[in-house]
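See structure below.
FYI, it's all coordinate maths here, none of it is from the lab. Keep in mind it's a predicted model, so treat the numbers as computed, not measured. Reconstructed Cβ throughout: ideal geometry from the backbone, glycine too, with neighbour counts over all protein chains shown.
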């Protein structure tokens with residue numbers, strides 16, 4: 001059971017072992033959304049062949065010429081561990097003979113300011129331990145990689161083995177600390193935590209780099225199985241935790257709302273029909289005021305500050321009811337005012353009206369009978 005702040009303070013005063021204190025500190029997991037519970041964009045995306053964010057928040061799919069995939073939020077989870085969801089990769093078009101540059105990876109990018117206590121680049125650099133639950137029909141060797149984006153992509157790579165087909169297995173991998181190259185103390189991308197699923201010969205023809213060092217492409221995924229070689233293949237993962245130290249503690253479950261806000265720092269969606277961004281056909285989005293002629297503007301406030309000024313997109317059919325009383329011609333006519341955000345938790349938006357309206361008239365921008373209408377704000381690493 002987690003200790004209170006008072007208990008922790010008393011332990012420090014009484015010089016209790018640091019390892020015991022660390023095991024009870026909240027937010028010890030560097031990974032965000034490791035239980036795969038937040039999926040704002042969608043709970044299932046098919047026909048994946050290229051690199052992008054798809055379903056589970058904070059999981060980036062890196063893909064190039066390694067088959068076609070469906071990614072989904074699954075309810076298939078290890079029994080009795082407290083998890084409700086996992087991420088699933090399902091091969092729908094196989095590639096039995098990977099080209100030299102082919103690859104498939106699942107990655108989380110991490111801000112440098114969240115990593116300072118690892119003391120990377122000093123003689124006191126901390127080891128880290130990655131633990132996770134994984135399941136696949138395809139047994140064999142898989143590769144996990146830590147990559148330092150701040151220092152010429154220094155990296156370290158370790159293998160794990162899926163031993164039993166279609167069986168949930170817990171894996172634990174410890175990476176040594178790196179005494180070379182500090183992480184930037186900022187909101188930029190510093191560390192990539194990467195799960196390889198397929199790799200061409202460009203990435204497998206060398207010797208696996210199991211110690212921190214300069215990146216040699218051929219050493220990154222040596223021994224990796226080709227998960228793309230059959231449409232029968234799938235891969236599930238949940239309970240991903242990266243923490244300081246040489247041993248894995250129990251997975252740190254956070255309250256749903258806390259986990260959701262941590263994800264919304266990087267991506268926020270309102271409206272639409274995904275499980276964590278539910279809208280309806282007449283959802284109200286914001287109040288707007290005619291600025292001049294066909295230009296109506298409003299301010300949209302988000303529930304949490306984002307990592308950086310976001311990009312914005314609207315999707316679906318919209319209308320403005322009230323004194324303005326017009327339908328928006330296209331979702332692309334809703335844009336960031338003056339080309340940018342106002343602050344990290346608020347953006348000024350412009351709605352281009354199809355016909356003129358009186359300056360000062362107001363209305364409510366809402367979905368026009370479209371349950372899938374949504375706004376999205378993107379500040380990913």
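Structure data summary
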{"read-out": "Distance (nanometres) between label positions extended 7 Å along Cα→Cβ at residue 122 and residue 250", "value": "3.2 nm"}
{"read-out": "Cα radius of gyration and Dmax for the chain (Å)", "value": "23.3, 72"}
{"read-out": "Percentage, to the nearest whole number, of Cα pairs in segment 16-175 over 28 Å apart", "value": "27 percent"}
{"read-out": "Simple label model, 7 Å out from Cα along Cβ direction - residue 207 to residue 281, nm", "value": "6.6 nm"}
{"read-out": "R0 of 51 Å, Cβ-Cβ distance residue 304-residue 101: FRET efficiency to nearest 0.05", "value": "0.85"}
{"read-out": "Rounded if a/c under 1.5, otherwise prolate or oblate - segment 270-378, Cα gyration tensor axes", "value": "oblate"}
{"read-out": "Rounded if a/c under 1.5, otherwise prolate or oblate - segment 220-280, Cα gyration tensor axes", "value": "oblate"}
{"read-out": "Of 124, 64, 249, the one that fluctuates the most in a GNM where the chain has Cα springs shorter than 10 Å", "value": "124"}
{"read-out": "Distance between segment 59-76 and segment 132-170 - C-alpha centres, whole angstrom", "value": "15 Å"}
{"read-out": "Estimated 222 nm signal from helices in the chain, with DSSP H stretches of n ≥ 4 weighted -39500 (n - 2.57), rounded to 500", "value": "-1500 deg cm²/dmol"}
{"read-out": "Anisotropy class of segment 176-224 from Cα gyration tensor, a/c 1.5 cut", "value": "prolate"}
